[in-house]
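Contents: one structure, followed by commentary.
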């Protein structure tokens, strides 16, 4: 059954009026836009960089004497202790030199003992005899001189007594000189003790040469490379082993210079090796390079691994996430709602009294996908996303989203 023409016109006019009213209301209230709310939440700012594992020290263990390798007692991967023998050289010549030095030492010791028990006492006895002979010669000379004056002895007898006295004096001086030389501070004693010390030094040197034929680890560590085999002839200073010294494990990463202001020693971090991404370990920043690499625009940062991690290997590639700021109760806003975020004057569009209003904000911590609002907004404020093509001052309606 067809509607009357008058009824049809009525319904058309009604629909048209409804559309006009809806359009007017839409113009008056503005379009509905999705918004995000400023909330309070914990926020952590991190700086992420990649680098490599560092070893505290690598030592090249070599020989200090020329020789032929007799035995190799360590191989790659062996854990060794300081002083442990890693290899030995043939030492026949060094042992022969040591035996010769020990014989020289025995001779010097015997010479000192001889001076103390024989030569010295004999020299002192010679002084006593020379003193007695000198007294006898003086008495004889005095008596002969007196009798010659009285006419009982001739002049030749007096001359003979004078010669005997001079000879006794000379013998006394010689005996005294010999005794002084053999006394503790005398020349013979000092020479003998000097030769004894020289012989002892010779034994020590020869013993050191023998000891140097045993190649020992200079510190606790792990053998990285073995560079010799038994039978090799090694020259002076030949590198025989490369030793990774046991110690503090470190990480070196290159950080973009724009993040330099956020870094400081003592900050905590987590590192993960590319080969073991499921096994992160704790670390701590302890050194920041004083210079920036001009070609790369990076600065080197070193971290100290604070947890033992035997699976980490030298030069292994790692990623480090350094915690440079934390706030347990911050005003937080998604980064996609802040405009001109990299400039010195960031701002947002908020909904106030049905209009989009431009509001400058001050940013604090920058977390993963979220930012801390230090000033400019309050908790619960509605902020329009950058994706919405809305101009400041436009009328808008808040689109309610779950």
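The values are calculated or read from the model by the stated rules, or taken from the named source; none is laboratory data. Since we're looking at a predicted model, the values are computed, not measured. Positions of Cβ are generated from backbone atoms using ideal geometry, with glycine treated the same way; all protein chains shown enter the neighbour counts.
Miscellaneous remarks
- Any hit, the stretch 319-335, residues being in contact with a helix residue (DSSP H, G or I) (Cβ under 9 Å, 6 or more places away or on another chain), within 30 Å of residue 252 (Cα to Cα) and either surrounded by fewer than 19 Cβ atoms within 10 Å (Cβ to Cβ) or free of Cβ contacts under 8 Å to residues at least 24 places away in the same chain (or both): yes
- Matching residues, the stretch 76-116, being surrounded by fewer than 18 Cβ atoms within 10 Å (Cβ to Cβ) and assigned to a loop (DSSP other than H, G, I, E, B): 76, 77, 78, 81, 82, 83, 84, 90
- Residues in the stretch 279-299 that are assigned to a strand (DSSP E or B), under 14 Å from residue 258 (Cα atoms) and out of contact with any strand residue (DSSP E or B) (no Cβ under 6 Å at 6 or more places or on another chain): 293 only.
- Failed item in (1) buried (at least 18 other Cβ atoms within 10 Å of the Cβ); (2) more than 36 Å from the chain's Cα centre (by Cα), with residue 234 passing the rest: (2)
- Scanning the stretch 356-375 for residues that are at pLDDT below 90 and not in a strand (DSSP E or B) yields 367, 368, 369.
- For the stretch 177-211, taking the residues that are assigned to a loop (DSSP other than H, G, I, E, B) and crowded, with 17+ Cβ neighbours inside 10 Å, the one that is modelled with the lowest pLDDT is identified as 182.
- Within this structure, residue 281 fails the test of being more than 30 Å from residue 35 (Cβ to Cβ) and touching a helix residue (DSSP H, G or I) at 6+ places or on another chain (Cβ under 8 Å).
- Check on residue 69, within 30 Å of residue 231 (Cβ to Cβ), at pLDDT below 90 and outside the structural domain of residue 189 (by TED's automatic domain parsing): no
- Residue within the stretch 48-63 that is closer than 25 Å to residue 220 by Cα, part of a loop (DSSP other than H, G, I, E, B) and modelled with pLDDT of 80 or more present: yes
- Close contacts from the stretch 386-397, counting a first residue that is assigned to a loop (DSSP other than H, G, I, E, B) and a second that is surrounded by fewer than 13 Cβ atoms within 10 Å (Cβ to Cβ), with Cβ to Cβ under 6 Å and a gap of 6+ residues or different chains, come to 392/358.
- Answer residue from the stretch 376-385, given it is under 52 Å from the mean Cα position of the chain (by Cα) and not in a strand (DSSP E or B) and is farthest from residue 330 (Cα to Cα) among those: 385
- Candidates 340, 278, 353, filtered to the one that is under 23 Å from residue 373 (Cα atoms), at pLDDT below 85 and surrounded by fewer than 17 Cβ atoms within 10 Å (Cβ to Cβ): 353
- Filter pass, residue 84 being modelled with pLDDT of 90 or more, outside the structural domain of residue 205 (by TED's automatic domain parsing) and within 47 Å of the chain's Cα centre (by Cα): yes
- Tally of residues being buried (at least 18 other Cβ atoms within 10 Å of the Cβ) and closer than 14 Å to residue 53 by Cα across the stretch 237-249: 2
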